[in-house]
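The values are calculated or read from the model by the stated rules, or taken from the named source; none is laboratory data. Because the structure is a prediction, the values reported are computed rather than measured. Using ideal geometry, Cβ is built from the backbone for each residue, glycine included, and neighbour counts are taken over all protein chains shown.
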Amino acid sequence: MPGGEGQILPIFIQTDDRTRIHRALAREDQEETPKYDELCRRFLADKEDFALEKIKEKPMIEIVENNSSLEETMEKVDLILRKKL
């Protein structure tokens with residue numbers, strides 16, 4: 001039966017602030033008209049909304065550190081999924 005309880009596994013991909021701001025700046029630099037003020041607003045809002053302390057309060061959320069390569073992060077996610085299946 002599709003959907004329903006037990007059918008979804010939330011995975012929170014955690015990245016340190018330094019890495020997040022560097023990645024965001026790199027993306028914004030590619031825009032024709034970079035909006036750095038909006039980047040800063042979103043960064044600060046996300047920092048509050050997705051604080052690790054808040055995430056850890058939620059039941060059944062798997063947390064993956066993403067401070068390295070995309071491939072390494074995907075391997076970690078793949079391991080979580082394989083354990084749960």
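Confirm whether residue 45 is among the small types (Gly, Ala, Ser) and surrounded by 11 or more Cβ atoms within 10 Å (Cβ to Cβ).
No.
Condition check ((1) in contact with a strand residue (DSSP E or B) (Cβ under 6 Å, 6 or more places away or on another chain); (2) over 26 Å from residue 80 (Cβ atoms); (3) among the acidic types (Asp, Glu)) across all residues:
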site	(1), (2), (3)
30	no, yes, no
41	no, yes, no
46	no, no, yes
51	no, no, no
67	no, no, no
- Message: Of everything in the range 51-72, what is under 18 Å from residue 22 (Cα atoms) and either small (Gly, Ala, Ser) or at pLDDT 90 or above (or both)? Give them in sequence order.
- Response: 68, 69
- residue 76 being assigned to a helix (DSSP H, G or I), loosely packed, with under 12 Cβ neighbours inside 10 Å and of a type in the set (Lys, Arg): no
